[in-house]
Each structure stands twice: as C-alpha cells, then as structure tokens.
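Peer 1: Below is one structure. I have some questions about it.
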Amino acid sequence: MLKAFKGVMAGFWKGLVLPSMTSTLVAIFVPIAILMVAIAVGDGLIRSRYHLYVFSDPFDIYAKVGHEVLSRQQDERPGVVVLGDSLMVYCIDEEILGASLENASETHDIQGLLFATPNQSTYEMAAIVDQANLAPGSVVLIGLSQGLFVKPTGTKPESILTQILENPRLPFQSVVLDEEARLAGAHPPFRTGMHAIDNSGFYIARKTALVKHVVLGAEPYGDPLTAHWLPFVDNPEFHAEEREQVGDTLKFYLENSEENFAILARMIERERARRGTRFVIVQAPINPGWSDVAEGAALFDRFVSDAAAFSRQVGAPYLQVSAGQSWESADFFDYEGHLKSPSARTSCSETVASAALARLEAPS
C-alpha cells in the first residue's frame, strides 16, 4: 500500500511539472477524489476523532480550532472562549486554563476553549463566535494585540478579508462573515449549503497531507512551544529588526485600527442580543523591552489607551494581563509578545481564567 501511495503522489507531482498525460490525469484526479470523499462525509471528518488526518502539519492550529468549533454543535455547557492571535496561543496553557476554571467554580460545569490562531483577524473572530454554539451566558475573552489591528480591511488585494475569502483558513462558513464582507463592499462566494463544496479551499489546501495521513497515520497535535519558527524569532538579530520596524507597525495601526475595532463592536452587539454572551477585553502580553524604544513606547501607549477606551465603549471589563506581572524581556520569545517562560504562561493563564470566572458569575 505504501508503494502504491508513493506512486500516486509521484504522479501527482509530475502532473504539475511534466507534460505526461498519465501524470497529468493523476494530478487532476487526486484533488477531485479527495473532494468527492469530503462531500460524502460532510463535516463528519473534521468533527470526528479522525480530524488529525486533515492537519497540514502538527501545528495546524486553524484545523484544530475548526474541529473544536464544529464539535461544539451539541454541547450545552457554558463556555469560556479565548480569541486572539498567536500572542494568546502562547499566553494560554490550555491545561492550566481548564484546571483553573474547574477548581475555581463549584456552580458551573465550564468548558475552557482556546480558539486563538496565528495571525487571526477580526473577521475570523466574528465567524468563530457565530459558529461556536455557545450556551447562553458564556464568556468570550477577546485578546487584543497590535497585530490584530494592523490588518487592512475592505476589498483591496492586500486586505485580510480578500485573502480569507479566496483562501479560507477555517473549515466552516459563517453568515456573519458574509455579512461583514458585504458591509466592506466585497462579494462572498455563493454558498451551496454543502460543507465540502463551501469549504473546498480548506480541504484542497491540505490534500497532500490528507492522503499521507490515510496511508501512514496521522501525527499527534504538536506543542506550540516546539514550533519550528521559534528559534528564528528568539534571537538578538530578529529582535533588532522588530525594533527597527516599529514605526511601520504604528503607521499601519493608525491606518487600520478603527475599522477593526468596529468589526469587534458589531460582533459584541450581535452576540449579546442573540445569546446573552458576556465579553472581556484582554490586552495580550506586552514585552516590557518596548519601554526602552521611543516609537515602541508610543505605539503601545496609544494601543493600550485605545483598547481601554474600546472596553468602555462596549461596556465590557478590561484586563491588561501584563499589569502587575514581574515579566522581563527574557520571558518572551520576541518583542511581538510571545511568552516562552513556563511561569509567565502559568500566571497569564490563571489571570485570564480569573477574569473569565468573575465575568461568568457577575450579575447579568
């Protein structure tokens, strides 16, 4: 079987680069066959215990979050959901978050859900909350980082909306995402209501990994702390580049933050009316080394001020996880704010869990 698999995949790659009729047919057949299987099983594969077969690699966090979101369709427990980009992935230890929620609450059976993903956009936050089937009164913690707000919105080619409409990173569709796209002047694709067709881009992008895993078995989910890119950012040369580029980051933030805040405000208003969802605005970890960089200090002073003002605007508690912590630059992989110290990640997880419980148990 392994030899057959190698032959099929060799033909697939040859079909992409060589003018052989047989190889070309194989290259065409493999994606079509995968799509046909996906149509037959619908979202059953990504929801099932076999979801790891879909992962492009052990760190495919978008596939992991997609599995967890779709698996919640029949879950009626209150949820504590953490949204955000990779800064929140490295802020939160899922086991510590779950244990903190379980140990601290005697009145609720609470499910802690880390739905943060690398480079997550405000559009994808809205889609995740829309599809997560949260029980009434659940708590959503919106992790805010500078990276979330530098992303261009609208319909330009460089817009994050354009990118995720053309190449969806999550394995589900959302009417909320489509509504936001129309508000921005974009035209979302026609939706058939068939999971595999509407999400074909997600599965086709993972076609090679899916075939490999069917033959060789799926790999377990990887620990983010062992991700291959971390040594690249955890070095003085990269840190110097980050400091040099902070002026551009501030520029992009000032250009794009207003509309990204507006998308989040609409999400909060919508979910409160729909399910009584409660929100906490969380300022993601900030590397204290920025205080020694003039433009960096200006960026984060403005960002923290805007985040606090936004929390007041939407009537949600504001949590600055770095406040009161004894974190040093050595506790971070980089200046962007990815925590690496186990003790720092523990304190971040416990701080977020405490804020979630306080919001969950507060009067409506």
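Peer 1: Specify the longest stretch of the chain that does not include any exposed loop site, a site being one of the trypsin sites (Lys or Arg not before Pro) with a non-H, G, I, E, B DSSP assignment and at most 14 other Cβ atoms within 10 Å. Before the final figure, lay out the partial values.
Peer 2: Details: sites that count: 49, 191.
Of all site-free stretches, the longest is 192-364.
Peer 1: Let me ask something else. Sum up the lysine pairs in the chain that clear both bars: alpha-carbon distance under 15 Å and a spacing of 8 or more or different chains.
Peer 2: Values: 3/212; 6/14; 6/207; 6/212; 151/251.
Going through the chain pair by pair, I get 5.
Peer 1: Under a point spin-label approximation (7 Å from Cα along Cα-to-Cβ), what is the residue 341-residue 312 distance to one decimal in nm?
Peer 2: 3.1 nm
Peer 1: With a point put 7 Å past each Cα toward its Cβ, work out how far residue 266 is from residue 192 in nm, to one decimal.
Peer 2: 2.8 nm
Peer 1: Starting from the alpha-carbon convex hull of the stretch 44-201, give the projected area averaged over all orientations, in nm². Display every interim value, and only then the final one.
Peer 2: Numbers: hull surface 39.4 nm².
The orientation-averaged projected area of the Cα hull of the stretch 44-201 comes to 9.8 nm².
Peer 1: Let me ask something additional. For the stretch 320-364, what percent of Cα pairs sit more than 12 Å apart? Could the numbers behind the result be given before it?
Peer 2: Values: 629 of 990 pairs.
Cα-Cα pairs in the stretch 320-364 separated by more than 12 Å: 64 percent.
Peer 1: In Å and from the alpha-carbon atoms only, list the Rg and Dmax of the stretch 245-338.
Peer 2: Over the stretch 245-338's Cα set, Rg and Dmax evaluate to 14.9, 45 Å.
Peer 1: Can you give the Rg to Rh ratio of the chain, both from alpha-carbon atoms, with Rh computed by the Kirkwood formula?
Peer 2: Details: Rg = 21.4 Å, Rh = 21.8 Å.
Ratio of gyration radius to Kirkwood radius for the chain: 0.98.
Peer 1: How much length, in nm to one decimal, is gained on full extension between residue 330 and residue 102, taken as 0.36 nm per residue of separation minus their Cα-Cα distance? Can you show the working numbers first?
Peer 2: Details: separation 228, 0.36 × 228 = 82.08 nm, distance 3.08 nm.
Taking residue 330 through residue 102 to full extension adds about 79.0 nm, to one decimal.
Peer 1: Looking at the chain only, what percent of DSSP beta bridges run antiparallel? Nearest 5 please. It would help to have the intermediate numbers written out before the result.
Peer 2: Values: 1 of 18 bridges.
So the antiparallel bridges amount to about 5 percent of the total.
Peer 1: Something else: So what is the calculated 222 nm ellipticity per residue for the chain, using -39500 (n - 2.57) for each DSSP H run with n of 4 or more, over all residues, to the nearest 500 deg cm²/dmol?
Peer 2: Values: 17 runs with 203 residues, N = 364.
Helices in the chain give a 222 nm mean residue ellipticity of -17500 deg cm²/dmol.
Peer 1: Just to confirm the filter: which chymotrypsin sites (Phe, Trp or Tyr not before Pro) across the stretch 175-206 are DSSP coil and have at most 14 other Cβ within 10 angstrom of their Cβ? Show your work: numbers first, answer last.
Peer 2: Details: sites: 190, 202, 203; in loops: 190.
Answer by residue number: 190.
Peer 1: Give, in nm to one decimal, the length gained when the segment between residue 182 and residue 298 is fully stretched (0.36 nm per residue of separation minus the Cα-Cα distance).
Peer 2: Values: separation 116, 0.36 × 116 = 41.76 nm, distance 3.43 nm.
Value of the extension gain: 38.3 nm.
Peer 1: With a cap of 16 neighbouring Cβ atoms within 10 Å, and only residues DSSP puts in a loop, list the GluC sites (Glu not before Pro) found in the stretch 294-336.
Peer 2: Details: sites: 295, 328, 336; in loops: 328, 336.
Answer by residue number: 328.
Peer 1: Tell me the relative contact order for the chain as a rounded percent, counting alpha carbon contacts under 8 Å between residues six or more apart.
Peer 2: On the way: 562 pairs, mean separation 83.3, N = 364.
Reported relative contact order: 23 percent.
Bear in mind that the values in this text are calculations on the coordinates, not laboratory data. Because the structure is a prediction, the values reported are computed rather than measured. We place every Cβ from the backbone using ideal geometry, glycine too, and count neighbours over all the protein chains shown.
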